[in-house]
Amino acid sequence: MWHRWKNFTDMPGLLKLIVVSGFLFPLFVITSIIHSSVNVFGHDLPEETWWISGGDPFTVVIGSLMWSAAIQLLKRSIIGVPIYVAAWILMTISIPIVAIRLSLMSEEAMFSLTSNLIIVVILAVYLYRSKSVRNYFHAAT
C-alpha cells in the first residue's frame, strides 16, 4: 500500500488530478443511478428516460474505464493512459448519441461535444508527450 502512496506523490500535478478524478467518477455513476431524475441540458428527465436513452449505460461504462485507468496509473502501468483517453473519447461521442435519443440536440450539446473533443486532444497530448509523465512511468522500470 505504501508504494501506491509513493507512486501518487511521485506523479506530476496534472496526472494526480487525472487519477483523483478517475477515482471520483464512480460517485457520479452512483448518483446517476440512484436519483429519480437527471438534469440533461436544463431538462429534468425521469430516471427511466435517462436509462432508455443510453445515458446510464454510457455512464457506467465510462465510470468503469475511468476507475480502471486511475488504478493502472497509480500502479505506474502505461496501459492506464489509453484506457483514460478511451473513456474521454467514449464520453465525448456519448453526448450527441444521448442528446439525439432524447431529442435534445442543441447548441449546448454541440458546445459540450466540441469542448470535450478539445479536452481529449489536450489530455492525449499531455499523457503521450509530456516528459514528466514519461519520467513517471520510466521510473517504475
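None of the figures in this text is laboratory data; all of them are computed from the coordinates on show. Quantities reported herein were computed from a predicted structural model and do not represent experimental measurements. Cβ atoms come from the backbone with ideal geometry, glycine included; neighbour counts cover every protein chain shown.
Of note:
- Near-label residues of segment 1-45 by backbone N, under 20 Å of a point 7 Å along Cα→Cβ of I71: 1-9, 16-31
- Additional length obtainable on full extension of the chain from V125 to F111, 0.36 nm per residue less Cα span: 2.9 nm
- All aspartates and glutamates inside 14 Å of K75 as judged from Cα atoms, apart from same-chain residues fewer than 8 positions distant: D10
- Relative to the compact-globule estimate of 2.2 N^0.38 Å, the Cα radius of gyration of segment 2-138 comes out at 1.14.
- For the pair F23 and H35 in one chain, pulling the backbone fully straight at 0.36 nm per residue adds 2.3 nm over the alpha carbon distance.
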